[in-house]
1. Any residue at all in the range 97-113 that is at pLDDT 95 or above and in a strand (DSSP E or B)?
2. Among 213, 197, which is the only one that is in a helix (DSSP H, G or I) and away from the ligand (no atom under 13 Å from the Cβ)?
3. If the Cβ limit is 8 Å and pairs must be 6+ apart or interchain, which residue in the range 33-61 that is over 30 Å from residue 172 (Cβ atoms) pairs with which residue that is aromatic (Phe, Trp, Tyr) and within 16 Å of the ligand (Cβ to nearest atom)?
4. Quick one: in the range 15-53, which of the residues that are of a type in the set (D, E, K, R) and within 21 Å of residue 138 (Cβ to Cβ) is surrounded by the most Cβ atoms within 10 Å (Cβ to Cβ)?
5. Quick one: in the range 54-64, of everything that is modelled with pLDDT of 95 or more and of a type in the set (D, E, K, R), which residue is surrounded by the fewest Cβ atoms within 10 Å (Cβ to Cβ)?
6. For the range 7-55, name all the residues that are away from the ligand (no atom under 16 Å from the Cβ) and within 18 Å of residue 79 (Cα to Cα).
7. Exactly one condition in (1) modelled with pLDDT of 95 or more; (2) surrounded by 15 or more Cβ atoms within 10 Å (Cβ to Cβ); (3) closer than 24 Å to residue 121 by Cα is not met by residue 70; state its number.
8. For the structure I just gave you, tell me whether residue 266 is of a type in the set (Asp, Glu), surrounded by 15 or more Cβ atoms within 10 Å (Cβ to Cβ) and in a helix (DSSP H, G or I).
Amino acid sequence: MKLSTAIAPSNLAFLKYWGKKDSKLRIPYNNSISVNLGSATTITSVNFSPDLERDIVIVNDSEQDTTSGFTVRVSKHLDRLRAVANEKSKAIVKTKNTFPESVGIASSASGFAALTVAAADALELNLSQKELSIFSRLGSGSACRSIPDGFVEWVAGDSNDTSFAQQIAPPDHWDISIVTVIVSKDAKKLTSTSGHELAVASPFFKSRMETIEIHLNRVREAILNKDFEQFGRQVEMEAISLHSIAMTSPFTANGWNSGAYYWTPDTMELIRAVQEWRSSGLEVYFTLDAGPTVHLICRREDEGKIEKAVRDIEKNIPLRKWDIAINRPAVGARVQQEIQH
Ligand code: PMV
């Protein structure tokens, strides 16, 4: 056993997963396709020690309560890897994100991918990329897509061993950029874990499933052929498809709600701006995960223009401040033995 540190990117799904056919094993209804985000990463170190009585989880330098949901989830995940290594020791887990949590950038994806890679390395398990992807999936579904490099497809499968992610193209395959605009840092009211459970209750879930395969193939093809127009149109339609499901899946939280609205007025303002930019000749498409953050997808050469256009819209309301991150396709999770924090 040793101290190991791993860094993992978050990922952004172009064809998304929303709904699990097995929630315990986190097996989704459909395949999904994503890209690793170069500027949204988690760095996690894991140090097993026979002297510890319990797992200690430190997030952004602050020790988490033993009973907190996150500590329990991390501990459970370590148990899965400890079981394979036949190891009883508890661990100190230190983790930091380069971006805010619960706003529509999957921190659980980068978090559980980094945790899996660091813990597997510390336990000297020597797991294959497929095995790392499977273990990451058990921690958080989309985490399995943060293991391979670049553009990735998560094959839904139908059992623990057949549900994992694999590369469809390396990071340098295509010069696209994602201008991520964090319009609000307020944590969302409905977690994606709950959203997945509720999805099937939407009257539109069945029709989404009926055509998802066609859209999946189109997104994959557009990436492989670098067909930006076909890609952008599919990706934008897909984001709206997911949000239509979320908005029509009733749930109870402090009373009954007809559905979950992850958007804020700022999200809507940016969606409308994208339509205007396109009509004036700037080719950009949006996608959104389960949060208000807007991801603007553009050609690499348009990154600067998009950032400037976003800043111009931001000024529509005095003193409004959005965080913007430029994300390029990136490598997947990896061990960083020399880094300790
Ligand atoms: O893996 P989770 O539970 O964080 O779910 C991710 C859900 C979406 O981000 C909305 C879609 C996706 O495929 O990443």
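1. no
2. 213
3. 57/70; 59/70
4. By that ranking, first place goes to 16.
5. 54
6. Scanning the range 7-55 gives 44, 45, 46, 47, 48, 49, 50, 51, 52, 53, 54, 55.
7. (1)
8. So residue 266 passes the test.
The values are calculated or read from the model by the stated rules, or taken from the named source; none is laboratory data. Bear in mind that the values here come from a model prediction, so they are computed numbers and not experimental data. Backbone-built Cβ (ideal geometry, glycine too); neighbour counts: all protein chains shown.
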